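Have a look at the structure below before the remarks.
Only the coordinates and a few stated rules stand behind these numbers; no lab work does. The shown structure was predicted, so the numbers you read here are calculated from the model rather than taken from an experiment. Virtual Cβ from ideal backbone geometry, glycine too; neighbours counted across all protein chains shown.
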Amino acid sequence: MKVRIDESWRIRLQSEFDKPYFEHLAEYVREEYAKGTVYPPAKLIFNAFDICPFDKVKVVIIGQDPYHEPGQAHGLCFSVNPGVPFPPSLKNIFKEISNDLSIPEPVDGNLERLASQGVLLLNATLTVRAHQAGSHQGKGWEEFTDKAIHALAQEREHIVYMLWGAYAQRKGEFIDRNRNLVLTSPHPSPLSAHRGFFGNKHFSRANEYLIQHGEEPIKW
């Protein structure tokens, strides 16, 4: 199957595109877009990969599934389109960045500026039905995104993985801690942020690690 995705990722994931599970997934997703509203817009399903090529990845942040309300999702986890009010988890991420690095909180929730610096903002599930959180879970996306993370873990090293919450931690439990920096904490959701997301200093710790390994730090 031919899938439109950044070439650096396509050559590593083509074997997934040719598997029966992905063909079933693609057919399911096509039908969902045809019969109702699905987010993100179809052309942005692989946006995280397209903005952050395989060889440029410095940091991986794993989300669960896209925002499911109008105008929010555009293919990057936790990110929203310009001018869209910040969802609660994104507010808390910005609060921690500000406190950790002593910089002002951003005024724009579009995280493409991070993706273009090498932050892979990857949801485990890449599509969602409007107003129905988790509606496309269990259809095959999780297997596909697992393979993307495995490809990074096998070929690359000295990447920072930020695993927030139990779901992300399970998804990244195989990552070699000796070859990468794996940072874990509670999720930035208002339900859990006060139990250890605030004060985790993941952003400064990530930059320190990148500098130690000869990489440019991220301008968070």
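Here Asp176 and Ile211 are evaluated by their C-beta separation; at R0 = 22 Å the FRET efficiency comes out at 0.60.
Express the relative contact order of the stretch 1-84 as a whole percentage, based on alpha carbon pairs under 8 Å and six or more residues apart in sequence.
27
Applying both filters, DSSP loop and at most 13 other Cβ atoms within 10 Å, to the chymotrypsin sites (Phe, Trp or Tyr not before Pro) of the stretch 121-189 gives Phe174.
For the stretch 102-208, which trypsin sites (Lys or Arg not before Pro) pass both filters: DSSP loop (anything but H, G, I, E, B) and at most 15 other C-beta atoms within 10 Å?
Arg156, Arg177, Arg179, Lys201
An oblate overall shape is assigned to the stretch 1-102, the ratio a/c of its alpha-carbon gyration tensor axes (a ≥ b ≥ c) being 1.5 or greater and a/b not exceeding b/c. Distance between the 7 Å Cα→Cβ label points at Tyr28 and His131: 2.3 nm.
Quick one: putting +1 on the C-beta of Lys and Arg, -1 on the C-beta of Asp and Glu, what dipole do you get for the stretch 71-220 around its Cα centre, in Debye to the nearest 20?
Value, rounded to 20: 360 debye.
Which pairs break 23 Å Cα to Cα here: Lys91/Lys201; Lys2/Lys219; Lys58/Lys201; Lys58/Lys147?
Beyond 23 Å between Cα atoms: Lys2/Lys219.
DSSP beta bridges confined to the chain are antiparallel in about 15 percent of cases. Structure remark: mean-square fluctuation, Gaussian network model of the chain, C-alpha springs under 10 Å; the largest value among Gln169, Gln132, Gln117 belongs to Gln132.
Per-residue ellipticity at 222 nm, computed for the chain from helices alone with -39500 (n - 2.57) per DSSP H run of at least four residues, works out to -11000 deg cm²/dmol.
In a fully extended conformation the segment linking Phe198 and Asn99 would gain 34.8 nm over its present Cα-Cα distance, using 0.36 nm per residue.
Electrostatic tally near Glu142: other residues with Cβ closer than 11 Å to its Cβ, Lys and Arg +1, Asp and Glu -1, net +1.
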